[in-house]
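Report on the structure given below.
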Amino acid sequence: DQQVKQNSPSLSVQEGRISILNCDYTNSMFDYFLWYKKYPAEGPTFLISISSIKDKNEDGRFTVFLNKSAKHLSLHIVPSQPGDSAVYFCAAIYIQGAQKLVFGQGTRLTINP
Amino acid sequence: GAGVSQSPRYKVAKRGQDVALRCDPISGHVSLFWYQQALGQGPEFLTYFQNEAQLDKSGLPSDRFFAERPEGSVSTLKIQRTQQEDSAVYLCASSATAGLGNEQFFGPGTRLTVL
């Protein structure tokens, strides 16, 4: 069963506009949520995270929103830049155990000039 | 380099061969993770080490998969009698400590293709 879901395999956005990537999860035990960015032939790199006790975290052009009641989080990128074109993974983590990341399937974001 | 390195970057194996994949974590990092990423999917957890102790191997898909980290630094993921469904990118990640929220730094992965 897929505990973390990214239902949009791809997203295309015009440069300068806002990109919104969505993620849903099913397990209310997750304590922490993260977004990773991945370029081809490279490993995922950490982008931004949010604790389950917060509803928003902002870092420059990147903002993550968490709606615990809906078990939904989103990543906003504004303004979008060509270098943002990559695959974005949403991930969740338990406080107990190994802190292993549970990933979604990923969304390929393409920023068009 | 200061990042996580993995070797080989690409491996082609014939079905039934044994393979060994190496991970060099960031120096001093306590935690080490292995993930498997199938084509078009997100990475899936395989196993976790804290120093040399393998604390969680719940994600290993079968007893053909074995991982070790004997001195608490370099780790090797071994797959015996490879099968076509083992074809995937194998990612290694390390983090400085074992606490919640500690960023996991990923290596570039090893792409395994089993013919």
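When restricted to residues that are on the phi > 0 side of the Ramachandran plot and in a strand (DSSP E or B), region B:10-54 contains 0.
With respect to the stated conditions, residue B:7 is of a type in the set (Ser, Thr, Tyr) and open to solvent by 40 Å² or more (accessible area, probe 1.4 Å).
The values are calculated or read from the model by the stated rules, or taken from the named source; none is laboratory data. Remember, predicted model here, so these are calculated numbers, not experimental data. Heavy atoms of the whole protein, side chains included, go into the accessibility calculation; ligands, DNA and RNA do not. Shrake-Rupley method; radii C 1.70, N 1.55, O 1.52, S 1.80 Å.
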